[in-house]
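Novice: Got a structure here, written out as structure tokens. Questions coming.
The values are calculated or read from the model by the stated rules, or taken from the named source; none is laboratory data. Because the structure is predicted, anything quoted here is derived from the model rather than measured. No Cβ is skipped: glycine too gets one built from the backbone with ideal geometry, and neighbour counts run over all protein chains shown.
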Amino acid sequence: MSGDKTVLVAYASAHGSTRGIAQAIAERLTQAGLHADVRAIADSDGVDSYDALVLGSAIHNRAWLPQASAFLRSHASGLAGRPVWLFSVSSVGETSSFFGPRLSRFVQRVRRDTPEMAGFRRTVALRDHRDFAGVIKASHWSRLGDLFMKAFGGTYGDHRDWRDIDAWADGIARRLEDEPPRHAT
Ligand SMILES: Cc1cc2nc3c(=O)[nH]c(=O)nc-3n(C[C@H](O)[C@H](O)[C@H](O)COP(=O)(O)O)c2cc1C
């Protein structure tokens, strides 16, 4: 039964939007009858007591935050034997974006399976990876970031698509319901 399964939803967030997405995913998993712990990656000490993991990071300079990629590396052996879902929070999600449709489509195309994500795939039993758009304020980044935003017609604000986030979490819950329970090793 899914209620016996425990999932760690761990996140790395600089300004809070990734944390909000992790909390929404955990809430959705809980509603589906799973036991979901939501934690900052920096406060998560291990993976051994979990049946499955959902790990997410904000993207800075086209990469996961260092504490998130370090967590994947340092828990590689525990993660290898468990189902893992990853999500990345950046300027361009699958269904919403800081930018208009043309630039968003271009970004979606060029970032498909980045070297970083390909490395994660080699490390963990990855079930799925999803990109979500997050939140941006002018005060979050340098003048260069602001210039980039203006040059490409970006919009400041909260671009999270909660329906997409909930739907992704519901898909995880369904997959876990179908999984046989993990046997203690
Ligand atoms: C310093 C900085 C660098 C960023 N670099 C990128 C990037 O390379 N690509 C991208 O798509 N978004 C980038 N973003 C946008 C963030 O990924 C986005 O604002 C996200 O919602 C941040 O998550 P957080 O609120 O959990 O920190 C950057 C934001 C900041 C503040």
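Novice: Restricting to region 121-173, count the residues that are in contact (Cβ under 8 Å) with a residue 24 or more places away in the chain, part of a loop (DSSP other than H, G, I, E, B), within 21 Å of G56 (Cβ to Cβ) and more than 14 Å from the chain's Cα centre (by Cα).
Specialist: 3
Novice: A follow-up question, please. Being surrounded by 17 or more Cβ atoms within 10 Å (Cβ to Cβ), free of Cβ contacts under 8 Å to residues at least 40 places away in the same chain and outside any strand (DSSP E or B) is the filter here, so list the residues in region 31-56 that pass it.
Specialist: Listed by number, the residues that qualify are I41, S44, V47.
Novice: How many of the residues in region 57-91 are within 14 Å of the ligand (Cβ to nearest atom), among the aliphatic types (A, V, I, L, M), within 19 Å of V7 (Cβ to Cβ) and touching a Leu at 6+ places or on another chain (Cβ under 9 Å)?
Specialist: Of the residues in that region, 1 qualify.
Novice: Just to be sure, is A24 modelled with pLDDT under 95, within 14 Å of the ligand (Cβ to nearest atom) and either of a type in the set (D, E, K, R) or within 18 Å of the chain's Cα centre (by Cα) (or both)? So that I can check it myself, show each step before the final result.
Specialist: On the way: modelled with pLDDT under 95: no; within 14 Å of the ligand (Cβ to nearest atom): yes; either of a type in the set (D, E, K, R) or within 18 Å of the chain's Cα centre (by Cα) (or both): yes.
When the stated conditions are applied, A24 does not pass them.
Novice: Being buried (at least 19 other Cβ atoms within 10 Å of the Cβ) and touching a Gly at 6+ places or on another chain (Cβ under 7 Å): is that true of A68 here?
Specialist: When the stated conditions are applied, A68 does not pass them.
Novice: Can I ask one more? For I59, are the conditions met, namely being in contact (Cβ under 8 Å) with a residue 12 or more places away in the chain and more than 16 Å from A169 (Cβ to Cβ)?
Specialist: Yes.
Novice: If you don't mind, there's one more thing I want to ask. Among all residue pairs at least 6 apart or on different chains, which show Cβ distances below 6 Å where the first residue, located in region 6-19, is over 14 Å from A169 (Cβ atoms) and outside any strand (DSSP E or B) and the second is within 6 Å of the ligand (Cβ to nearest atom) and hydroxyl-bearing (S, T, Y)?
Specialist: R19/S13
Novice: Condition first: of a type outside the set (G, A, S) and over 20 Å from I25 (Cα atoms). Now tell me which residues in region 68-107 satisfy that.
Specialist: R73, H75, F98, F99, P101, R102, L103, R105, F106, V107
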